[in-house]
Every structure is written in structure tokens, then in C-alpha cells.
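Data block below; observations after.
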């Protein structure tokens, strides 16, 4: 199952992509699939038919793991969410 992440690259706009697994501590690059902007458009630096790309970890500031709705269903809430009424 792909992991949806937001990749922040130095001096570039962040973009959304899918990873097969989170990079190891000693990883020198990451392999991302389906890179797109945060509003699901094609990233400006990509060619029209880009499906996957590799980025050196030296250029990446940080990576955010995005929680999807499917992930939220798997997590059991242990607190009362007053905004949802339960």
C-alpha cells in the first residue's frame, strides 16, 4: 500500500507523492511515484508523462506523512471529540 507524503525540497514548492515505504535512516535518495501539486495538478518541473522520480536526500528539507481517511478509520479514538458530537 502506498504512503501519501508531502515532500519539501529546498527552495521549491512542496509537492504530494506516493512512497512504497518511508526512507531508512541511511537512505541517500527517495523514489516517489505520482508527484503532483497540493491541488492535484502536474508539478511544473515534471515532463508530461512523468510517473516516478528519484530525489537525493541532501535536497529534501523534510517529509510529511499525510493521514488519509482510510487511515483515520483504522485508528480507534480514545478521547471525546466534541466537534463531531460524540
Inter-residue pairs, beta-carbon under 9 Å, first touching a residue at least 12 places away in the same chain (Cβ under 8 Å) and on the phi > 0 side of the Ramachandran plot and in segment 13-39, second surrounded by 11 or more Cβ atoms within 10 Å (Cβ to Cβ) and part of a strand (DSSP E or B), 6+ apart: 34/16; 34/17; 34/18; 34/52
Failed item, numbered, when residue 76 is tested on (1) within 18 Å of residue 19 (Cα to Cα); (2) surrounded by fewer than 12 Cβ atoms within 10 Å (Cβ to Cβ); (3) modelled with pLDDT under 90: (1)
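For segment 2-12, how many residues are in a loop (DSSP other than H, G, I, E, B) and at negative phi? Spell out how you get there, then give the answer.
Here is the first cut: in segment 2-12, the residues in a loop (DSSP other than H, G, I, E, B) are 2, 10-12.
Filter again for at negative phi, leaving 2, 10, 12.
The qualifying residues number 3.
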Members of segment 1-11 found to be more than 10 Å from the chain's Cα centre (by Cα) and surrounded by fewer than 14 Cβ atoms within 10 Å (Cβ to Cβ), listed by number: 1, 10, 11
Tally of residues being in contact with a strand residue (DSSP E or B) (Cβ under 6 Å, 6 or more places away or on another chain) and in a loop (DSSP other than H, G, I, E, B) across segment 13-23: 2
Qualifying positions in segment 43-62 - touching a strand residue (DSSP E or B) at 6+ places or on another chain (Cβ under 7 Å), free of Cβ contacts under 8 Å to residues at least 40 places away in the same chain and either closer than 17 Å to residue 4 by Cβ or not in a loop (DSSP other than H, G, I, E, B) (or both): 43, 51, 52, 53, 54, 56, 57
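Only one of 26, 40 is at pLDDT 90 or above, loosely packed, with under 10 Cβ neighbours inside 10 Å and either assigned to a loop (DSSP other than H, G, I, E, B) or in contact with a strand residue (DSSP E or B) (Cβ under 9 Å, 6 or more places away or on another chain) (or both); which?
Details: 40 fails: at pLDDT 90 or above.
26 is the lone residue from the list that is at pLDDT 90 or above, loosely packed, with under 10 Cβ neighbours inside 10 Å and either assigned to a loop (DSSP other than H, G, I, E, B) or in contact with a strand residue (DSSP E or B) (Cβ under 9 Å, 6 or more places away or on another chain) (or both).
The values are calculated or read from the model by the stated rules, or taken from the named source; none is laboratory data. Keep in mind that this is a model prediction, so the values were computed, not measured. Here the Cβ is made from the backbone with ideal geometry for all residues, glycine too, and neighbour counts use every protein chain on show.
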